[in-house]
Structures are given as structure tokens and as C-alpha cells.
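Everything on this sheet refers to the single structure shown next.
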Amino acid sequence: MNPFAAIGRAVLSLLAEIGRLALFTGRSLKALASPPFYLRLTLQQFVRIGYLSVPVVGLTALSTGAVLALQIYLGGNRYGAEAIVPQIVVLGITRELGPVIAGLMVAGRVAAAIAAEIGTMRVTEQIDALTTLSTNPVKYLVVPRLVAAVISMPILTAAGDSIGVFGGYLVATQNLGFTGSVYLKNTVDFATSADINSGLIKAAVFGFIVALMGCYNGFNSRGGAQGVGAATTNAVVSSCILILATDFVLTALLFHTA
Amino acid sequence: MTAKIKLIGVKKRFGSKVVLDGVDLAIEPHTSLVIIGGSGTGKSVTIKSILGIITPDEGQVLIDGEDVTHLKGADRDPLMKKFGMLFQGGALFDSLPVWENVAFGLIQGRGMARGRARDIAIAKLAKVGLGEDVAFLSPSELSGGMQKRVGLARAIAADPEIIFFDEPTTGLDPIMADVINNLIASTVKDVGATALSITHDMASARKISDHIAMLYGGKIIWQGPTDQIDNSGNEFVDQFIHGRAEGPIKMAVKA
């Protein structure tokens, strides 16, 4: 076997995949901009994507905030800088960990569910059936999920931010000897709206990625149960990778450091 | 008279595999044509090419004399309203109750009020022999035969001009298959539609068609009135309708 041919094939199939994804994104955005709009379906997706993700996002945010406070305290201790815990916790949570952890959790929960549902609809011809019933499948299936995810994620992240800070507060006041009022004052004085907003913007982008990758992989699933399984895996893996990659790019863009 | 559906030299390949190699076909209004042929001979691709789910590489698809091969998006909407389709596996939406499945095209496709669409759906369900109690069940609670009936009710809900049937009897016991065949024959007459079906079930093909066409090697190799199928003089057709392993059609036993 010719190694150059193998490399070439891999590169070509990667480029083809990127092209297909770009076309799918374009079709979705076009569908987003024109009626009909499915309000009922969009509300349903808000419940599934946003509301039902609250427990898992809240729980991970709580433990992240708690462990962050503990680590900063132990690290800061080496320089006698342990008093900086509230400031670093709020900065780390709002700018970075809040949106990224919410994004990864929602990727695991929602991208998988979307890909499995749409993938099953694909292999059982339900998507073709939509077409024969004068309904655009992209409008009917993709747009409600995209809209719900893009709007839910910042709200989830805002809730996660608060819970994360609270997790840090709990550990700091219960285990590390901080006074509650001082901790909160330091948190509020230090955090700027730019810190919080940058995290919420990231969250909206992550929401878009999660819904898009779920829908894209579902739409392109082939060949029965195995194909739907592969689509689900791909949806989760690709949205996680894209979340981490765009996180870097967004951080650089939002804070002009690159 | 203009043919309701006409295919001229339709070709389609997937990768290096040629599926349709110049299909020519004409279906007169208010008649029922069945395409027979083995598995993987491109019967489904033919229907999907007419529906626009697949775009042919070459050739033309004409509906009512109008070239619709490359109609896309919003331009295609008025055309799609002429179609109804019964899918092989039913393809019912499992997230919706039975009546909403039947009424789907009316509500989503035509913007009809839900209450009125529900009444129509229940009337259409009655036409296929299903009572009102079924209307509020979920599709997953139904047997295979009932799912086919719901699929049929959905296909005829908007009084389409053309109805497609994809393997309507696959997966049913012989008696239920015959019930479905009768339903198809009577509803198509009732609605006054033109029907195009694909099947490899000869009992079904004889029952629901006026004309039969056989697809083999990506082409229509024989077409004629249903009562002529036994005197086709075509050895491929003879082998297929009698279900013989020996003959000019060689099945690839190895995958």
C-alpha cells in the first residue's frame, strides 16, 4: 500500500467532511432566518436542553467551585497569598470553567440525545417522511434545537457561575477560615461585567456547537442501530473537541491577547 | 394525454455503483403502476428521485408534463403537496400521537387549524379501518399491520394526486398483507389518485396495479398491463414472478 495515497485519502475525506459540515451549517442558518417558525417545538427543546440540564450543570459547577477554592488556597499558601481565593475563584469560574464545564456537560447530555433521536429518525425514514409531508426537516428539527441551545446555554452558565462561586464560598467559609461577608465582598468587588459577559458569550457559542454537531451527525447517520451509535459518539466527541478549540480562540479574541 | 409521471433517461450512481442506468417510465393519470425487481435494483432510488429526496445525475423527471428534476427548496413546495407516500417501515413520528401523524401534512404543510385537522385525521383513520380510540395512542403501541394502516391514512390525508407505496406488504403476515392490498386498491380509487408502488411481493403487485414494470440492471426491461405479466415472453420477468433461483438473473450470493 502506498503511504502517500493513504495520507491523501485521509486529507481528502477530512476536507470533504469540513465541506459537508459547512454546507449543513449554511442550510441551518438559512432555515433559521425564514418562516415557518416552530414555536411549540422550540419551547419543548428549551425544556429538554436547558431546564433538564440544570441538575448536572449545577452539580458540576458546585464541585468545581469547591475544588478550585481548595486548590487556590493550597497553592496560594506557598506564597502567603491564600487570601486571594475569592478573586481567583470568581475569575476562573466566570471566564473559563463555568462556560466550558457547562458546555462539556451539555455536550454529553444533549449532543448525544439529539444525534440519537435524529439519527433514528434518519434510519427509519422519518426524515424522508417529513419531506413528503411538505415540511423542511432542517427547519422542523435543526432550527428549534439550535435556537434553544444558543439561548439556554448562557442562562445555564449564569446559574452555573453563581453555584460555582457558592461552592467556593462554602469551602472557604467552612474549611478555610474565611469570613462569609468578606468573601462575598471580595468576590463582588473583583468581578467585572466583562469577566461574566465573556463567559456568557462563550456559552452561547458552545450551545450552537453542541446542537449543530448533534443535528449534523444525526442527519448523516447511516445503516441502522450501529450507525446511530456511531453518530452519537461522533456528536459528543466532536462537540467536546470543538468546544475546547473555540474556547481558546474566543478567549484570545475577547481579551485581545493573541 | 400528458403522463402524470414521466421519467426520461434517469441515471444515478453512488460512488462507482451505477444504480439507475437510464430509466424510462410513463404513468398515465388515475392508473396504478407497480415496479417489481429484486432487492438493490434501484426501486427505492427511483421513487426517491421522483420525490426529489435524491437528485438524478442525468435525465429528467416530469410531473404533469413539467420538468421538476432540479426544483429545490420553496420552488418545490407546491409540487410536494401533490404527493403522499407510504414508507416501508411506516416511518411514523414516534414523538407524536397517531392522529397527529395523520394530520401532520395538514397542520405543518398547509397550516390547517389543529382541531379541524384532527377531525380529518379521524375520518381518514376510519377509512383504513381504525377507530377513534387508536387516534390517541402512540405509534409504538401499534402492531405492524396497524402501523401500515396509519401510514396509509397519513399518505392519503391531504388527498394527494400521486401516492407512492414502498414495499407496502413487507413484514406483514399473508392475511394482513391482503387486507392492506385491498385497502390500497380501494383508497387509491377513492381518492382518484395516480399510484406508483414498488414491491417484490407478486401477490401484492397483481392486486394493486393496472400496469407492471420490471426494473433490472438499472433499466426498465419490461412494462405492460398486469394481466399480461404471465405472457410477457421475457425470461427475466418469468424467472422473477415465479421466484426461481435458476434463470438469467444471477443473484450475488456472496456479499
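The values are calculated or read from the model by the stated rules, or taken from the named source; none is laboratory data. The model shown is predicted, which means the values in this text are computed figures rather than measured ones. Neighbour counts are summed over all protein chains in view; Cβ atoms, including those assigned to glycine, are modelled from backbone coordinates with ideal geometry.
Identify, from the list A:Val150, A:Val188, A:Val138, A:Val143, the residue that is of a type in the set (Val, Ile, Thr), in contact (Cβ under 8 Å) with a residue 40 or more places away in the chain, away from chain B (no Cβ under 14 Å) and on the phi < 0 side of the Ramachandran plot.
Numbers: A:Val188 fails: in contact (Cβ under 8 Å) with a residue 40 or more places away in the chain; A:Val138 fails: away from chain B (no Cβ under 14 Å); A:Val143 fails: away from chain B (no Cβ under 14 Å).
Only one candidate passes the filter, namely A:Val150.
Could we say that A:Ile93 is within 14 Å of chain B (Cβ to nearest Cβ), part of a helix (DSSP H, G or I), buried (at least 24 other Cβ atoms within 10 Å of the Cβ) and under 16 Å from the mean Cα position of the chain (by Cα) here?
Numbers: within 14 Å of chain B (Cβ to nearest Cβ): no; part of a helix (DSSP H, G or I): yes; buried (at least 24 other Cβ atoms within 10 Å of the Cβ): yes; under 16 Å from the mean Cα position of the chain (by Cα): yes.
Judged against the criteria, A:Ile93 is not a match.
Out of A:Leu141, A:Leu170, A:Leu176, A:Leu70, which single residue is in contact with an Asp or Glu (Cβ under 9 Å, 6 or more places away or on another chain) and either outside any helix (DSSP H, G or I) or surrounded by fewer than 19 Cβ atoms within 10 Å (Cβ to Cβ) (or both)? Working first, answer last.
Details: A:Leu141 fails: either outside any helix (DSSP H, G or I) or surrounded by fewer than 19 Cβ atoms within 10 Å (Cβ to Cβ) (or both); A:Leu170 fails: in contact with an Asp or Glu (Cβ under 9 Å, 6 or more places away or on another chain); A:Leu70 fails: in contact with an Asp or Glu (Cβ under 9 Å, 6 or more places away or on another chain).
After ruling out the rest, the residue left standing is A:Leu176.
So which of A:Ser193, A:Ser221 ends up being modelled with pLDDT under 95 and surrounded by 22 or more Cβ atoms within 10 Å (Cβ to Cβ)?
Numbers: A:Ser193 fails: surrounded by 22 or more Cβ atoms within 10 Å (Cβ to Cβ).
Checking each option against the conditions leaves just A:Ser221.
Can you tell me which residues in the range B:99-117 are more than 8 Å from chain A (Cβ to nearest Cβ), among the small types (Gly, Ala, Ser) and crowded, with 18+ Cβ neighbours inside 10 Å?
B:Ala103, B:Ala117
Suppose we filter the range B:60-98 for residues that are touching a Leu at 6+ places or on another chain (Cβ under 7 Å), outside any loop (DSSP other than H, G, I, E, B) and more than 10 Å from chain A (Cβ to nearest Cβ); how many remain?
So the answer is 3.
Within the range A:184-223, which residues are in contact with a Ser or Thr (Cβ under 6 Å, 6 or more places away or on another chain) and acidic (Asp, Glu)?
A:Asp195
Return yes when A:Gln126 is surrounded by fewer than 24 Cβ atoms within 10 Å (Cβ to Cβ), more than 14 Å from chain B (Cβ to nearest Cβ) and among the polar types (S, T, N, Q) and no when it is not. Outline the logic, then answer.
Values: surrounded by fewer than 24 Cβ atoms within 10 Å (Cβ to Cβ): yes; more than 14 Å from chain B (Cβ to nearest Cβ): no; among the polar types (S, T, N, Q): yes.
Here the answer is no, as A:Gln126 does not meet what is asked.
Counting only residues that are surrounded by fewer than 17 Cβ atoms within 10 Å (Cβ to Cβ) and within 23 Å of B:Ser197 (Cβ to Cβ), which one in the range B:49-59 is nearest to the other protein chains (Cβ to nearest Cβ)? Give the derivation first.
If we filter the range B:49-59 for residues that are surrounded by fewer than 17 Cβ atoms within 10 Å (Cβ to Cβ), which is where we start, we get B:53, B:55, B:57-58.
Subset that is within 23 Å of B:Ser197 (Cβ to Cβ): B:53, B:55.
Values: B:Ile53: 5, B:Thr55: 13 Å.
Only one residue fits best here, namely B:Ile53.
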